[in-house]
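Worksheet: the structure to be examined is printed underneath.
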Amino acid sequence: MRPFEYGNPSTVKQAISLLGSDWEQAAVLAGGTDLISLMKDYIDTPKRVVNIKSISALRGASEVNGGLRLGATTTFEDLFENPAPLRDFPSLRAAIDGIYSAQMRSMGTVGGDLLQRPRCWYYRNGFGLLALDSKGQSLVPHGDNRYHAIFGNAGPAYFVSPSSLAPPLVALGATLRIQGPKGERELPVAELFRIPRHTGEREHTIQPKEILTEILLPASARRLRNATYEVRERHFMDWPLATASVALRMEGRRVRQARVVLGQVAPIPWRAEGAERELAGKTLDEAVATRAGEAATVGAHPLSKNGYKVQLVRVAVKRALLAAIA
Amino acid sequence: MADQDDLHHSTGSGEPGDDNSASDRESSKGFSRRQFIKGTGLAVSASVFVPDGLLKAAMPEETPGVSGPGEVPVRLRINGREHQLRLEPRVTLLDALRNRLDMTGAKKVCDRATCGACTVIMDGHPVYSCTVLAIDAQGKSIETIEGLAPEGKLHPVSQAFVDNDAQQCGFCTPGFVMAVKAFLDKHPHPTYDEVRASLGGNLCRCGTYMGIRKAALEAAAKMAGKGGRL
């Protein structure tokens, strides 16, 4: 780890004043489960680290205007120990239960889950987010791409979005509050993520001088039938291989509107719009869920070693849908 | 001082400004790094009672609200005892424990928040001490494996590990013991499946999981028999 200055502000305003105009100047430290490892590997080498865990206003879950507000530094353990605020959101609960490790739950925060960097092993081994060789060609298409993207992978990015919470939050229509030097802005969770187009562009739209402060779920999201299904290589010690999160506006047994969001299969949380269209207006049963799973795979372009993920998407979508109406 | 154990940086041939720690410089003069680390540990023990104010006065902050990157005073409460150290902000709790306080029970294995060998309990929660900055652990109550055997008497969790053959090489054991203790402190009457799930953050390459789960259940039963948590 490179040496760094350490700031420990007690307000968001102080924290923002300590951040820099580019990522090399300063990094925000919450649970640290990703940042500290990135710094040890010299992938991130900020001159200053700003701890935001001492800002008490950023931690906790509460009901606001009938919806749910999650402070960015709320830990997974906070919600695991006291899941009452998640009572209408089994899709979020499933994602949190999927964080296998008690230590990770104690340290990891909901904001950090959204802002963790990709687990792509080329990125983690110093080849950059776009995994380029010395000639500027991506190492992924002809390399070991078994965990890489099957959607949104026309280039130049092939990594997958690793967030556990992003698929359910996007499906539920959650928004984020982000504070910066010029004040506060609110944006849909989906707009936090982007596919980088060139070296130097991050996969998050948050700016170096900004801090993610809150996750907000609208009251209307409580009326959505929702579920998340994660497919794993092993039960513990790993990120999922594919995740499907669904949120359904129902009229009796008929689906009026569906949102189906996939995780771990694209550089961003991936809206499976084909599945959403397949579901609209249908009475949801196993046959419809199966067809929606099939529709979710339309547009998939597996790489040389990750064709298996197409089948995982089929299965995850079907099982998430059936869980939502169970 | 963060990477004292990191052999890649011990030759002093790294990039300029890269982990140029005192231990590296000393090792190039023919000092054993281990000797040096031990020496630092002793020096630290001697400085336990230096008042905070004196240290701050000697090291004025350059930017308001920011400290480091050089050594700064760090006060840690470990197993009920206060320790006053001087550490760079980049030093992890694990490195502070092992290299500065000579508490080598918590092990450095993956050093990337995965394997659990470094597990300690912080404010009642199990954490990967390799991935907590020591400076961030100030004001917290930290429990390490060393705190489980005061006066040589084993804690029921440690004893149950011995009785159930719950270790082979033993390197992961302190982390497992602390993870089990943290779990049983909050869940005194667990089922087998709950014990299994609670240990999802610890790895044993020897494969002693069956013994560890049995040990956890036995420790829970013994502690419950004595009126709950110890």
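Working note: Karplus 6.51/-1.76/1.60 with θ = phi - 60° gives region B:70-78 the couplings x, 5, 9, x, 9, 10, 10, 10, 10 Hz, where Gly and Pro are set to x. Note on B:179-188: average number of Cβ atoms from other chains within 10 Å of each residue's Cβ is 1. Mean partner shielding of peptide A:95-108, defined as the number of other chain Cβ atoms within 10 Å of each residue Cβ, is 6. Near A:Val50, the amide H atoms lying under 5 Å from its own belong to A:Gly7, A:Ala27, A:Val28, A:Leu29; only residues 5 or more places off or on other chains count, and H is placed 1.01 Å from N. Derived value for region A:5-54: Kirkwood hydrodynamic radius 10.9 Å. Basis is the mean of 1/r over every pair of different alpha-carbon atoms.
Just want the answer: with Cβ charges of +1 for Lys and Arg and -1 for Asp and Glu, which residue in A:Gly136, A:Ala324, A:Leu284 is farthest toward the dipole's positive end in region A:57-326? Selected residue: A:Leu284. Put simply, the amide H of A:Ser161, placed in the peptide plane, has neighbours under 5 Å in A:Gln264, A:Val265, A:Ala266, A:Ile268, leaving out anything fewer than 5 places away on its chain.
Computed 3J(HN,Hα) for region A:297-306, one whole-Hz value per residue from the Karplus formula 6.51 cos²θ - 1.76 cosθ + 1.60 where θ = phi - 60°, is 8, 5, x, 6, 10, x, 8, 5, 10, 10, glycine and proline marked x. Distance from the Cα centroid of region A:1-30 to that of region A:114-174 is 26 Å (rounded to whole angstrom). Please list, in order along region A:223-228, the HN-Hα scalar couplings obtained from phi with the Karplus expression 6.51 cos²θ - 1.76 cosθ + 1.60 (θ = phi - 60°), rounded to whole Hz, x for Gly and Pro. With coefficients 6.51, -1.76 and 1.60, one gets 8, 8, 6, 9, 7, 10 Hz.
For chain A, a simple Cβ point-charge model (Lys and Arg +1, Asp and Glu -1, everything else neutral) yields a dipole of about 480 debye relative to the Cα centre.
From the largest down, region A:47-92 spans 42, 22, 15 angstrom on the principal axes of its Cα atoms. Could you compute how fast chain A diffuses translationally, taking Rh as the Kirkwood radius over C-alpha pairs and applying Stokes-Einstein at 25 °C with viscosity 0.890 mPa s? Give it in µm² per second. Diffusion coefficient, whole number: 122 µm²/s. Summarised in one figure, the compactness ratio Rg/Rh of the protein assembly as shown, Cα atoms and Kirkwood Rh, is 0.98.
Comparing Cα centroids, region A:214-238 and region B:182-223 end up 27 angstrom apart. Quick one: if the Förster radius is 35 Å, what FRET efficiency do B:Tyr209 and A:Arg146 give, using the C-beta to C-beta distance and rounding to 0.05? Once the sixth-power term is evaluated, E becomes 0.85. When the listed pairs A:Lys135/A:Lys305; A:Lys13/B:Lys140; B:Lys108/B:Lys181; A:Lys53/A:Lys209; A:Lys318/B:Lys186 are checked against a 29 Å cut-off, the alpha-carbon distance exceeds it for A:Lys318/B:Lys186.
Relative contact order for region A:133-199: 25 percent, from Cα pairs under 8 Å spaced at least 6 residues apart, divided by residue count.
For region B:144-212, taking Cα atoms only, Rg and Dmax work out to 11.5, 34 Å respectively. Helix content alone sets the calculated 222 nm mean residue ellipticity of chain A: runs of n ≥ 4 DSSP H residues at -39500 (n - 2.57) each, divided across all residues, give -6500 deg cm²/dmol. The protection proxy used here, the mean number of other Cβ atoms lying within 10 Å of each residue, ranks peptides A:222-231, B:187-196 as follows, highest first: A:222-231, B:187-196. Using C-alpha pairs below 8 Å separated by at least 6 residues, the relative contact order for region A:184-326 is 21 percent. Normalised by the number of residues in chain A, the mean separation of alpha-carbon contacts (under 8 Å, six or more apart) gives a relative contact order of 17 percent.
In this structure the amide hydrogen of A:Phe193, modeled in the peptide plane, comes within under 5 Å of the amide hydrogens of A:Thr205, none closer than 5 places in sequence on its chain.
The trypsin sites (Lys or Arg not before Pro) of region A:170-207 that meet both conditions, a loop assignment by DSSP and at most 11 other Cβ atoms within 10 Å of the site Cβ, are A:Lys182, A:Arg197. If I take all pairs of Cα atoms in region B:91-230, what percentage of them are more than 20 Å from each other? Considering region B:91-230, 41 percent of its Cα-Cα pairs are separated by more than 20 Å.
Read-outs throughout are calculated quantities, based only on the coordinates presented, and are distinct from any laboratory measurement. Computed from a prediction, not measured in an experiment: that's the story for all the values here. All Cβ positions, glycine included, derive from the backbone under ideal geometry; neighbour counts span all protein chains shown.
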